[in-house]
Amino acid sequence: MKIALGSDHAGFPLKEAIKAHLEAQGIPYTDVGAYDTTSVDYPYQAKKACDLVVAGDCDKALLCCGTGIGISMAANKIKGIRAACCTDYFSAKFTRMHNDANALCLGARVIGEGAALELVDVFLHTEFEGGRHQRRVDQLSELENL
Ligand code: RB5
């Protein structure tokens, strides 16, 4: 499993915490920035990270901005990306089980680091259930081609 990490300036501190958390678990990642708290716009930060997932270079993206919302909006405009902005454990788990989400978006100004890392862990280690959910995920892909 390889992870694409991306953030804007507001998400930078949380991205750094996630990076250390992945390193502690031996999970490889590519960090597309931000690399400091200099202001940078979240749409292209989302694209840089999500392009790695779409290309197959990474399996999932972890994206951080202030709320997690803007970067999730950007990520969901990229074909092949199913991004979920989560603030609770249940959502982070079920967006993997039911939506086969491949990007988790977190708001550095919304949730604490400890909670965010719990969401990262459950997101990375929960499998898609398939079955009836596959049909719905296929329908999400169809919407990209309308
Ligand atoms: C940056 O100030 C902030 O707007 C951004 O990080 C994010 O919260 C947008 O959704």
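Couple of notes before you dig in:
- Rounded accessible area per residue of the chain, 1.4 Å, Å²: 49 Å²
- Inter-label distance, nm, simple model (7 Å from Cα along the C-beta direction), Phe128/Asp36: 4.0 nm
- Taken as Cα centroids, the range 90-116 and the range 56-82 sit 11 Å apart, rounded to the nearest whole angstrom.
- Rolling a 1.4 Å probe over the protein heavy atoms of the range 34-93, with every protein chain left in place, gives an accessible area that is 55 percent carbon and sulfur.
- With a simple spin-label model that places each label point 7 Å from the Cα along the Cα-to-Cβ direction, the separation between Met73 and Lys93 comes to 3.1 nm.
- Per-residue [θ]222 nm for the chain (sum of -39500 (n - 2.57) over DSSP H runs n ≥ 4, rounded to 500): -14000 deg cm²/dmol
- Coordinate range of the alpha-carbon atoms in the chain per principal axis, descending: 41, 29, 27 Å.
- The modelled label-to-label distance for the pair Asp57/Gln139, using points 7 Å beyond Cα in the direction of Cβ, is 3.4 nm.
- Taking Cβ separations below 4.7 Å as the criterion for a possible disulfide partner, the isolated cysteines in the chain are Cys50, Cys58, Cys64, Cys65, Cys86.
- Farthest toward positive dipole pole in the chain [+1 Lys/Arg, -1 Asp/Glu at C-beta], among Ala17, Asn145, Val120: Asn145
The values are calculated or read from the model by the stated rules, or taken from the named source; none is laboratory data. On a predicted model such as this, the values are computed, not experimentally measured, just so you know. Note that we place each Cβ from the backbone using ideal geometry, even for glycine, and neighbour counts take in every protein chain shown. Keep in mind that these areas ignore ligands, DNA and RNA; they rest on the heavy atoms of the full protein, side chains included. Shrake-Rupley method; radii C 1.70, N 1.55, O 1.52, S 1.80 Å.
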